[in-house]
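The values are calculated or read from the model by the stated rules, or taken from the named source; none is laboratory data. Being a predicted model, the structure only gives us computed values, none of them experimental. Cβ: placed from backbone, ideal geometry, glycine included. Neighbour counts: every protein chain shown. All accessible areas refer to the heavy atoms of the entire protein, side chains included, with ligands and DNA or RNA removed. Shrake-Rupley method; radii C 1.70, N 1.55, O 1.52, S 1.80 Å.
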Amino acid sequence: MSNHVSITRLLRAAVSATLLSALSLQAQSKELVIYAYDSFVSEWGPGPKVIPLFEKVYNCKVTLVSKGDAGQVLSAAVLEKAAPKADVLIGLDNNLVGKAIKADVLQPYTPKNLSMIAPGLDFDPTHHLLPYDYGYFCVIWDSQKLANPPKTLADLAKPEFAKKLILMDPRTSTPGLGFLAAVVATQGEKWPAFWKSLKPSILTVTSGWDAGYGMFTQGEAPLVISYTTSPAYHVENDKTDRYKALVFPEGLAMQVEGAGIVKGAKHADLAKAFIEFMLTPAFQNELPLTQWMYPVNPAVKLPASYSAAPKPTKMLKVDPASLEKALAQWADVAAK
C-alpha cells in the first residue's frame, strides 16, 4: 500500500511539474517587444519601473529595446516593415506622426482609456499614435559657464555665442526636430539663411539627446537643446539651479510623445493592453520624475521641483508639410 501511495504521489508530482512547465512556456510565449528611445529604457527612465508592473498583471514577458532616439525607433520599424519584430513603438511625437503614417508601419487603435488624456493633447485623430506625455523644447543655459545668455532665438547667431551651442540631428532626434520646427515656424521660407547664420554658434550636432545633453552637463558648451523641465531634474537630483530654461519671446515648440502598435504585430492584443496601461495612473505617475515630461493624465500630481520648469506664454506652430520639406533639405543646408 505504501509503495502504491508513493508511486501515485510521484505520478502526481510529475503531472504537476509538466503542467507548471507548460504554463511557464505559455507565459514565456506571450512576449511583447517594444522599441523605445534611450532615456525611456535607461535605468533612471520609466521603463524599469513600469514594465515589471505590466508583466505581473498580464503574466507576460516584455522585451524593451533601445533604438537610440525616436527618429531611429521609426527608422528601425521602417526597415523591418516586411517582417516586423516589434509590437509597440514608443516616443514618436506630433512632429513625426505624419512620417510614421506615410511609412505605413502603424495600425490604428482607439483605447478605452481615451478619456484619461487631457483635452488638446490627442494630436492624431486617426489614433495611429496615442499621447502619453508632453513638454516644451527650449535652449537650456548653464549659468555658471556663461554670464549673459541669449535673450531671443535670433540672438543664438550672435558672435559672442560662437561654438557654444549643442544641437541634435533632426533626422534622428526629436529635440533636434523640435528645434528645426521652431526655426521654420519663426523664419518661414528664409530658414536656410538663418541656419547658415547660426552655424558659427554650433559646437556639434549629435545623433541623439543623450549624447548632446551629456556633453552639455560635462561642460563642453553652455547652451543645449532640451526641455523646459530639464532644470527641474537638476533641482530634484543635483540640488542645483545653475541650469536655466530660456523661454524666448518668439515662442517655444511643443512636443507630445506618443506610442503606437506596429502594423502586423505578432502580439497585437497584448500591444493594445499596453497602450491602455500607458494612460493609467500606474504608468502616468512615474513620468514626472523619470521622463521629466508632463503626464497626459491631468490627475497626476507634479513634484515641487517642477516649479523650476517655466511654461511658455506663446506656442510655435509649424505646418507639417513645411517641416517635412525642411527636414528633407536640412542635411544639404547644414553641410554648406
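For Val73, the conditions (1) out of contact with any Leu (no Cβ under 6 Å at 6 or more places or on another chain); (2) in a helix (DSSP H, G or I); (3) not basic (Lys, Arg) all hold with the exception of (1). Within the range 128-145, residues that are free of Cβ contacts under 8 Å to residues at least 12 places away in the same chain have Cβ atoms under 6 Å from residues that are open to solvent by less than 10 Å² (accessible area, probe 1.4 Å) and not in a loop (DSSP other than H, G, I, E, B) in no pair, counting only partners at least 6 apart in sequence or on another chain.
Which residues, counting only those in the range 148-159, are farther than 14 Å from Ser197 by Cβ and either assigned to a helix (DSSP H, G or I) or of a type outside the set (S, T, N, Q) (or both)?
Kept after step one, since they are farther than 14 Å from Ser197 by Cβ, are these residues of the range 148-159: 148-149, 151.
Pro149, Lys151 - these are the residues of the range 148-159 that are farther than 14 Å from Ser197 by Cβ and either assigned to a helix (DSSP H, G or I) or of a type outside the set (S, T, N, Q) (or both).
Annotation: of all residues in the range 103-126 being in contact with a Leu (Cβ under 8 Å, 6 or more places away or on another chain) and without any contact (Cβ under 8 Å) to a residue 40 or more places away in the chain, the one that is surrounded by the most Cβ atoms within 10 Å (Cβ to Cβ) is Asp122. Within the range 239-253, being of a type outside the set (Phe, Trp, Tyr) and in contact (Cβ under 8 Å) with a residue 12 or more places away in the chain holds for Asp241, Arg242, Lys244, Ala245, Leu246, Val247, Pro249, Glu250, Gly251, Leu252, Ala253.
Taken together, the residues in the range 122-147 that are assigned to a strand (DSSP E or B) and hydrophobic (A, V, I, L, M, F, W, C) amount to 6. Within the range 280-294, the set of residues being under 14 Å from the mean Cα position of the chain (by Cα) and hydroxyl-bearing (Ser, Thr, Tyr) comprises Thr290, Tyr294.
Exactly one residue among Ser197, Ser226 is at pLDDT 95 or above and crowded, with 22+ Cβ neighbours inside 10 Å, and that residue is Ser226. Among the conditions (1) in contact with a Lys or Arg (Cβ under 7 Å, 6 or more places away or on another chain); (2) of a type in the set (Val, Ile, Thr); (3) surrounded by fewer than 20 Cβ atoms within 10 Å (Cβ to Cβ), Ile261 misses just one, which is (3).
Which of the numbered conditions does Lys99 fail, given that it passes all the others? Conditions: (1) open to solvent by less than 20 Å² (accessible area, probe 1.4 Å); (2) part of a helix (DSSP H, G or I). Result: Lys99 passes all but (1).
Selection over the range 56-92 of residues that are surrounded by 24 or more Cβ atoms within 10 Å (Cβ to Cβ), touching a residue at least 40 places away in the same chain (Cβ under 8 Å) and not small (Gly, Ala, Ser) gives a count of 6.
Would a scan of the range 47-61 turn up a residue that is under 25 Å from Ala326 (Cβ atoms) and of a type outside the set (Gly, Ala, Ser)? Within the range 47-61 (the criterion being under 25 Å from Ala326 (Cβ atoms) and of a type outside the set (Gly, Ala, Ser)), the answer is no, since none of the residues qualifies.
Condition (residue is within 22 Å of Asp269 (Cα to Cα), part of a loop (DSSP other than H, G, I, E, B), open to solvent by 70 Å² or more (accessible area, probe 1.4 Å) and at pLDDT 90 or above) applied to the range 35-47: is it met by at least one residue?
Filtering the range 35-47 down to residues within 22 Å of Asp269 (Cα to Cα) leaves 35-36, 47.
Filter again for part of a loop (DSSP other than H, G, I, E, B), leaving none.
Checked against the condition, which is being within 22 Å of Asp269 (Cα to Cα), part of a loop (DSSP other than H, G, I, E, B), open to solvent by 70 Å² or more (accessible area, probe 1.4 Å) and at pLDDT 90 or above, the range 35-47 yields no hits at all.
Within the range 162-182, identify whether any single residue is touching a Lys or Arg at 6+ places or on another chain (Cβ under 8 Å), open to solvent by 10 Å² or more (accessible area, probe 1.4 Å), at pLDDT 95 or above and in a helix (DSSP H, G or I), and answer yes or no. The answer is no; no qualifying residue exists. State all residues of the range 300-325 that are at pLDDT below 95, out of contact with any strand residue (DSSP E or B) (no Cβ under 9 Å at 6 or more places or on another chain) and of a type in the set (A, V, I, L, M, F, W, C); if no residue qualifies, say none. Listed by number, the residues that qualify are Ala321, Leu323.
Restricting attention to the range 229-258, which residues are in contact with an Asp or Glu (Cβ under 9 Å, 6 or more places away or on another chain), at pLDDT 95 or above and of a type outside the set (Gly, Ala, Ser)?
Pro231, His234, Val235, Arg242, Tyr243, Lys244, Phe248, Val256, Glu257, listed by residue number.
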